[in-house]
Amino acid sequence: MVPLNAVPLSPFPLDQWYVAGLSWELKDKPLARTLLNREVVLFRTGSGEVAALEDRCCHKSLPLSCGTVERAGVRCGYHGLLYAPGGACIEVPGQDRIPSKARVKAYTLVEKDSILWIWMPREEGAVPTHEAPDYWVHGDSRYQFKGDVYHYDAPYQLIHDNLLDLSHLGYVHLRTIGGNAAVHMNAELKVEGSGDKVRVLRYMPNSAPPPTYLAAWPFKGNIDRWQEVEFNVSHLLIWTGGADVSTEDLSDPQRGGFHMRGFHAITPETETTAHYMWTMASNHHPDRPDVLEAVYEQTALTFHEDKEVIEAQYENMKRFPGAPQIDIHVDVGPNRARRIVERLVKQQVQEGA
Ligand code: FES
Ligand SMILES: [Fe+2]
């Protein structure tokens, strides 16, 4: 792993789409958020356009997030300069002439599938080299979803580690999606990937359904259970679920049964803190039409359990600085993702980004 303090420029992979927030967070007020050490204000204009600007008025430096949102943009809360979504000042109250330097840095922000994607370029002002990711699940009528944003007092890669190693379900999440620890630890694990992606696949045939599954779906007994994790540099997609034993082909992407599809965006705030923005989508059985709320509540509880563990882990890492760690069999996926991030960061440091 790249020692986080040893990287002089950006310790984060750049030229990437990161998640800045979830659509419903932008209502009638500007939102301040630190993303990859950059102070950003996010807002939705009165006409519905979303925007991300540097959170500093170019007049006397008040955060623009202290201002108000109007139809045309965001207005500074000190002397009223009005900024358009592109960052240009378009009004100086009481003065006809707008100084040519009256503008703030703008980021490319795209709203897609209820997700706000921000382009974090290597070079200031550079345009995206590719389109923001699609997340089809949010638009699929078979699924309903809800989500939340958690703040973590821990470096972002500790969250990657956690999500790429679902063996922890058997120990951390006994009350919800966990179940038998031995089944998790002994389940066959397949790790594959190419480019900047890693996939971790785990199947647990003929195993007992965990509490959340039982509450959500009328299983007849044991289930064939799957966990498929896809790591991307800024977000992970995790498809878990189960079906009555021997009723579904676990290699079929269209298989039936109970599905939980998690969207997990991990956006570094600083080297040592992160934003965890997630949604959980699930389908429902015709006999249980109202499962979403229960699935959501149990997911939120589950993710709080992760937060407690990861923050405690990081606190202890600080108490034992530089203490060696060992690897075990469950670390193959997390280590592969760490190598990707390390390669990208090293590359941009070498290239002077
Ligand atoms: S500080 Fe923003 S208008 Fe003066
Ligand atoms: Fe977890």
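The values are calculated or read from the model by the stated rules, or taken from the named source; none is laboratory data. None of these values were measured; they are calculated from a predicted model. Here Cβ is always computed from backbone atoms with ideal geometry, including for glycine, and neighbour counts include all displayed protein chains. Accessible surface is based on the protein model in full, side chains and every heavy atom, while ligands, DNA and RNA are left aside. Shrake-Rupley method; radii C 1.70, N 1.55, O 1.52, S 1.80 Å.
Inside the range 143-171, can you point out the residues that are open to solvent by 40 Å² or more (accessible area, probe 1.4 Å) and either within 16 Å of ligand 1 (Cβ to nearest atom) or within 29 Å of THR34 (Cβ to Cβ) (or both)?
Within the range 143-171, the subset open to solvent by 40 Å² or more (accessible area, probe 1.4 Å) is 144-146, 148, 151, 153, 171.
Listed by number, the residues that qualify are PHE145, LYS146, ASP148, HIS151, ASP153.
Filter the range 158-202 down to the residues that are within 16 Å of ligand 2 (Cβ to nearest atom), assigned to a helix (DSSP H, G or I) and under 11 Å from VAL330 (Cα atoms) and list them by number.
Those that are within 16 Å of ligand 2 (Cβ to nearest atom), assigned to a helix (DSSP H, G or I) and under 11 Å from VAL330 (Cα atoms): ASP161, ASN162, LEU164, LEU166, SER167, HIS168, HIS184, MET185.
Residues that are of a type in the set (Ser, Thr, Tyr) and within 16 Å of ligand 2 (Cβ to nearest atom): which strands (runs of 3 or more DSSP E) entirely in the range 230-305 hold 2 or more of them? Spell out the reasoning first.
On the way: elements: 235-244, 258-268, 274-282.
In the range 230-305, the matching strands (runs of 3 or more DSSP E) lie at 274-282.
What number of residues in the range 113-142 are open to solvent by 30 Å² or more (accessible area, probe 1.4 Å) and touching a His at 6+ places or on another chain (Cβ under 9 Å)?
4
Only one of ALA132, ALA126 is closer than 22 Å to ALA274 by Cβ, assigned to a loop (DSSP other than H, G, I, E, B) and among the aliphatic types (A, V, I, L, M); which? If you could, list the steps in order and put the result at the bottom.
Values: ALA126 fails: closer than 22 Å to ALA274 by Cβ.
From the options ALA132, ALA126, the qualifying one is ALA132.
Looking at the range 170-188, I want the residues that are closer than 11 Å to MET204 by Cα and have a partner that is within 10 Å of ligand 2 (Cβ to nearest atom) and part of a loop (DSSP other than H, G, I, E, B) with Cβ atoms under 8 Å, at least 6 apart or on another chain. Which pairs are those?
HIS184/GLY178
Restricting the search to the range 203-216, which residues are touching a helix residue (DSSP H, G or I) at 6+ places or on another chain (Cβ under 6 Å) and part of a strand (DSSP E or B)? I'd like the intermediate steps shown before the answer.
We begin by selecting, within the range 203-216, every residue touching a helix residue (DSSP H, G or I) at 6+ places or on another chain (Cβ under 6 Å); these are 204, 207, 212, 215-216.
MET204, SER207 - these are the residues of the range 203-216 that are touching a helix residue (DSSP H, G or I) at 6+ places or on another chain (Cβ under 6 Å) and part of a strand (DSSP E or B).
Of all residues in the range 15-25 being open to solvent by less than 10 Å² (accessible area, probe 1.4 Å) and either of a type outside the set (Gly, Ala, Ser) or modelled with pLDDT under 95 (or both), which is farthest from ASN232 (Cα to Cα)? Talk me through it step by step, then tell me what you get.
Narrowing the range 15-25 to residues open to solvent by less than 10 Å² (accessible area, probe 1.4 Å): 18-22.
Now restrict to residues that are either of a type outside the set (Gly, Ala, Ser) or modelled with pLDDT under 95 (or both): 18-19, 22.
On the way: TYR18: 10, VAL19: 12, LEU22: 18 Å.
Taking the candidates together, the pick is LEU22.
Have a look at THR34, THR45 and point out the one that is over 21 Å from TYR152 (Cβ atoms), among the polar types (S, T, N, Q) and touching a residue at least 24 places away in the same chain (Cβ under 8 Å).
Details: THR34 fails: over 21 Å from TYR152 (Cβ atoms).
Sole residue among the options that is over 21 Å from TYR152 (Cβ atoms), among the polar types (S, T, N, Q) and touching a residue at least 24 places away in the same chain (Cβ under 8 Å): THR45.
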